[in-house]
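J.: Could you have a look at this structure, given as structure tokens, before my questions?
The values are calculated or read from the model by the stated rules, or taken from the named source; none is laboratory data. All of these numbers come straight from a predicted model, not from anything done at the bench. Cβ placement follows ideal geometry from the backbone for every residue including glycine, while neighbour counts extend to all protein chains displayed. Protein only, heavy atoms only, side chains kept; ligands, DNA and RNA dropped before computing areas. Shrake-Rupley method; radii C 1.70, N 1.55, O 1.52, S 1.80 Å.
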Amino acid sequence: MVGNERHLKRSMGVWTGISIVIGTVIGSGIFFKQGQVLETAGSTTGALWAWIAGGVVTLAAGLTISEIGAHIPQTGGIYIYMEKLYGKFWGFLTGWTQVVVYAPAIVASISAYFAYLFANFFGLPESSVVWIGLAALVLVTAMNSLDNRIASMFQVATTSIKLIPIAVLMVFGLFFGKADALGQTVSQLSSTATGNFGMAVLATLFAYDGWATLTNLGGELKDPRRNIPRSIIWGVLIVMIAYVGVSYGVYRAMPADQIVKLGNNVTFEVAKSAFGELGGRLLSVGILVSMAGTLNGKMLAFPRMVYAMSHDGVLPKFLGTLNKAQAPVGALWTTAVLAGALMFTSKADWLSDMAVFVIWLFYTATFFGIFILRARNKKAGLEKDPEVFSVPLFPFIPLVAILGALFILVNTLISSFTMVLISFIFVGVGVPVYLYYKNKQ
């Protein structure tokens, strides 16, 4: 059956929403980006401020999107927002980009990274990584093909578990660390230490990405006008506290130069110094759970946008298929197949960087949309509904979100021009696809 014969089930509460935000944002970045951000910032103080600045920009973005989502509480996320704000063409391009670039690339990279950690943990050969990734992807997709309450409960459970290693790192560094968390500078022995605060903020903003995936579930959240804003705001705040707290704990646990030297292994070394070899392995388990929860959150949210586009008649009808459990199985398995293909054909890290740049193009346009939305409501003589969320400190907070988004785009354009060019080609391919469906209709 297709989407107009069955409907998505509104069964997700605010706790599920918060768990989805936390679960889709906190993946591996919090554990593996400490050395990179510190080295780029040049000092522990600068690195902590970079994590705080990245969180502030992300929170401003979340508050801005929350008002738009509260006014447009439909399944599809920014695809629907862009269509309502700018018209069907721009809405389609937004959705198209997420369907063919953003969602498959992000899912592929998470699956591959989970597989890499899994293989290392059990001492399996590197040749097994792609098959482990595919197995994880199939299992998570199958789970999401069941009643959405099952995937929701898994999301809540994995989010709770992933906070354990985060809390351990924070507490150990805070109470047992002997280094100075503030004021340490990276030695000149590190040739790549730049002292570039702006690029350090940019690195943290990539680590904060994923919060907007909740908006894809507007049709399945209970009371979405209230629960979308609540989930995004509380979710981003918890992530921000976790990121800053873990960074502070790591900087307290060991000297700055040692953190930079260890790179991706720094959190393992902190755990080992606290609890020995067992501590490092337990942390590995925590990270595996973290990645599984992130993968589940992506597969819970991304296919809903594909479903919405099919339901609107701008993608093939089979993508709008719902099964007896009212799960969008057509969109789910298509996303899984595309992601699985990327695991064989492309480097997931490079694709995920491109995906993040592309999605921030449309984030930026959506942030501008809050001004359009308010102007329309004022012109139509609509009074402010106290039950509908409004971003505080307007227009200051939306402007912070816009400036943060432009910062990402300009810096990426300067540092990775080829990647930007390829991403525009992927977006451009959507134009003839849109014209085909428009003529067909």
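J.: 5 Å is the cut-off here: which amide hydrogens, built 1.01 Å from N in the peptide plane, fall below it relative to residue 43, excluding neighbours closer than 5 in sequence?
T.: 186
J.: What number, rounded to the nearest 500 deg cm²/dmol, is the helix-based mean residue ellipticity at 222 nm of the chain, given -39500 (n - 2.57) per DSSP H run of at least four residues and division by all its residues?
T.: -25000 deg cm²/dmol, from helical runs alone.
J.: Using r as the Cβ-Cβ distance of residue 167 and residue 15, and R0 as 22 Å, what FRET efficiency do you calculate, to the nearest 0.05?
T.: It comes out at approximately 0.75.
J.: Could you estimate the translational diffusion coefficient of segment 258-403 from the Stokes-Einstein equation, with Rh from the Kirkwood formula over C-alpha pairs, at 37 °C and 0.692 mPa s, in whole µm²/s?
T.: 164
J.: Top to bottom by accessible area (1.4 Å), largest first, where do 304, 376 land?
T.: My answer, sorted largest first, is 376, 304.
J.: Which three numbers, in whole Å and largest first, are the semi-axes of the equivalent ellipsoid of the chain derived from its Cα gyration tensor as √(5λ)?
T.: 35, 25, 21
J.: Moving on. Whole percent per 10 Å bin, from 0 to the bin with the longest distance: what is P(r) over all C-alpha pairs of segment 315-368?
T.: Result, from short to long distances: 20, 30, 38, 12 percent.
J.: Measuring from label point to label point, each 7 Å out along Cα→Cβ, what is the residue 393 to residue 150 span in nm?
T.: A separation of 4.4 nm, rounded to one decimal place.
J.: In Å², and per residue, what accessible area does segment 47-135 have when probed at 1.4 Å with the other protein chains present?
T.: For segment 47-135, the solvent-accessible area averages 31 Å² per residue.
J.: Additional query: Only helices at least 18 Å long along their own axis, judged from Cα atoms, and with Kyte-Doolittle mean hydropathy of 0.0 or greater: name those in the chain from DSSP H.
T.: Helices meeting the span and hydropathy rule in the chain are 44-71, 103-122, 129-144, 148-176, 224-253, 266-311, 329-345, 348-379, 396-415, 417-440.
J.: Counting only heavy atoms of the protein chains, get the accessible area per residue of segment 217-334 (1.4 Å probe) and round it to a whole Å² value.
T.: Here the per-residue accessible area is 35 Å².
J.: Quick one, what does Rg over Rh come out to for segment 22-78 if you take C-alpha atoms and the Kirkwood Rh?
T.: 1.13
J.: Please report, as a whole percent, how much of the solvent-accessible surface of the chain comes from carbon and sulfur atoms (probe radius 1.4 Å).
T.: That fraction is 67 percent.
J.: Report, as a whole number in µm² per second, the diffusion coefficient that Stokes-Einstein gives for segment 269-315 at 37 °C and 0.692 mPa s using the Kirkwood radius over alpha carbon pairs.
T.: 250
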